[in-house]
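Asks: Provided herewith is a single structure, encoded as structure tokens, for subsequent inquiry.
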Amino acid sequence: MSDARAIGVFDSGVGGLTVLRALRQAMPFERFVYLGDTARLPYGAKSADTVSRYALQCAVNLRRYDVKSLVIACNTASAVALPALREALGGMPVIGVLEPGAQAAAATSATGKIAVLATEGTVRGGAYERAIKTFNSHAQVLSLACPLLVALAEEGLVSGPIVELVARRYLAPIAVTPVDTVVLGCTHFPVFLPVLQSLLTPEHRWVDSAATTALAVRATLASLRLLAQEGLADPRAVRFLATDGAERFARVGSLFYGEAIPESAVEVVDLA
């Protein structure tokens, strides 16, 4: 039994394209519909109620494309809206990026001392700390809000002196805290990994939730017999949706996606 319907993926902007890239690598025969809510980013600085409302609107829009499952490629939305989305979408599988990232962090850390780089909203709610402690109750979690990194990423500024200055400022607490593992707790942050690694020691371990989320999605769909079989779907079939700025989405999004996204491939949609 298989299901050739698409998998829906959404994020506040283009950061979730790192998750989409990992999903495609893990499941090459699936089709995807990706929605970037670029008109209302960033989610990380907004209240939990607002993020939940935006996330629900994104989910309802993606359901119109007859998707078989939903991936929340945004840590902030995963932290505050996952239960509400699962309730609203009934039996549809809904997977967030936060829990797979937390599980990977707990498994990766040898000492249980973990730093999480995230948005203000994710840090404020303590979601990563709670999630990590479900896998290691003795873990010590240092959560660091890094809002300017999101803004820089959405501008396509992923290296250079400005990025290094901002990153150095955010990583300063790690220099005086004995952590051995650092979680990229926002899907915008993997593009900064070379810069971030250069500012810490080679002994620090890094966790990117994109790959672990992709494996979690594949396992979930396999258990429900919803995976597409080879030949049932075009492995290049990705539909890109944005709520604003097709040209900018294509240009900046290509950095996250790892390959060029033509502007003509991006459809602007209204979630209202």
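Asks: Within region 249-260, take every residue that is farther than 26 Å from Leu56 by Cα and either touching a Ser or Thr at 6+ places or on another chain (Cβ under 9 Å) or in contact (Cβ under 8 Å) with a residue 12 or more places away in the chain (or both) and give me the one that is surrounded by the fewest Cβ atoms within 10 Å (Cβ to Cβ).
Replies: Ala260
Asks: Check whether at least one residue in region 43-59 is surrounded by fewer than 21 Cβ atoms within 10 Å (Cβ to Cβ), in contact (Cβ under 8 Å) with a residue 40 or more places away in the chain, under 16 Å from Ala237 (Cα atoms) and of a type in the set (D, E, K, R), and report yes or no.
Replies: No, that holds for no residue.
Asks: Which pairs do you get when a residue that is modelled with pLDDT under 95, found in region 1-12, comes within reach of a residue that is surrounded by fewer than 24 Cβ atoms within 10 Å (Cβ to Cβ) and among the small types (Gly, Ala, Ser), reach meaning Cβ atoms under 7 angstrom, with the pair 6+ apart or on two chains?
Replies: Short answer, once both residue conditions are applied: Ser2/Ala228; Asp3/Ala228; Ala4/Ala228; Ala4/Ala233.
Asks: Can you find a residue that is in contact (Cβ under 8 Å) with a residue 60 or more places away in the chain, of a type in the set (Ser, Thr, Tyr) and not assigned by TED's automatic domain parsing to the domain that holds Glu30 anywhere in region 174-184?
Replies: Yes, because at least one residue in region 174-184 is in contact (Cβ under 8 Å) with a residue 60 or more places away in the chain, of a type in the set (Ser, Thr, Tyr) and not assigned by TED's automatic domain parsing to the domain that holds Glu30.
Asks: Spot the failing condition for Ser198; the list is (1) assigned to a helix (DSSP H, G or I); (2) assigned by TED's automatic domain parsing to the domain that holds Arg64; (3) over 21 Å from the mean Cα position of the chain (by Cα), and only one is missed.
Replies: Result: Ser198 passes all but (2).
Asks: Tally up the residues in region 182-208 that are surrounded by 24 or more Cβ atoms within 10 Å (Cβ to Cβ) and polar (S, T, N, Q), please.
Replies: 1
Asks: Related question: Would you call Leu117 crowded, with 22+ Cβ neighbours inside 10 Å, closer than 27 Å to Phe249 by Cα, aliphatic (A, V, I, L, M) and in contact with a Ser or Thr (Cβ under 6 Å, 6 or more places away or on another chain)? Before the answer, list the steps.
Replies: On the way: crowded, with 22+ Cβ neighbours inside 10 Å: yes; closer than 27 Å to Phe249 by Cα: yes; aliphatic (A, V, I, L, M): yes; in contact with a Ser or Thr (Cβ under 6 Å, 6 or more places away or on another chain): no.
The answer is no for Leu117.
Asks: Anything in region 27-39 that is surrounded by fewer than 19 Cβ atoms within 10 Å (Cβ to Cβ) and either polar (S, T, N, Q) or at pLDDT 95 or above (or both)? List them, or say none.
Replies: In the first step, residues of region 27-39 are kept if they are surrounded by fewer than 19 Cβ atoms within 10 Å (Cβ to Cβ); the result is 28-29, 39.
Passing the criteria: only Ala39.
The values are calculated or read from the model by the stated rules, or taken from the named source; none is laboratory data. This one's a predicted model, so the numbers in the text were calculated from it and none came from an experiment. In this analysis, Cβ positions are derived from the backbone assuming ideal geometry, glycine residues included, and neighbour counts consider all displayed protein chains.
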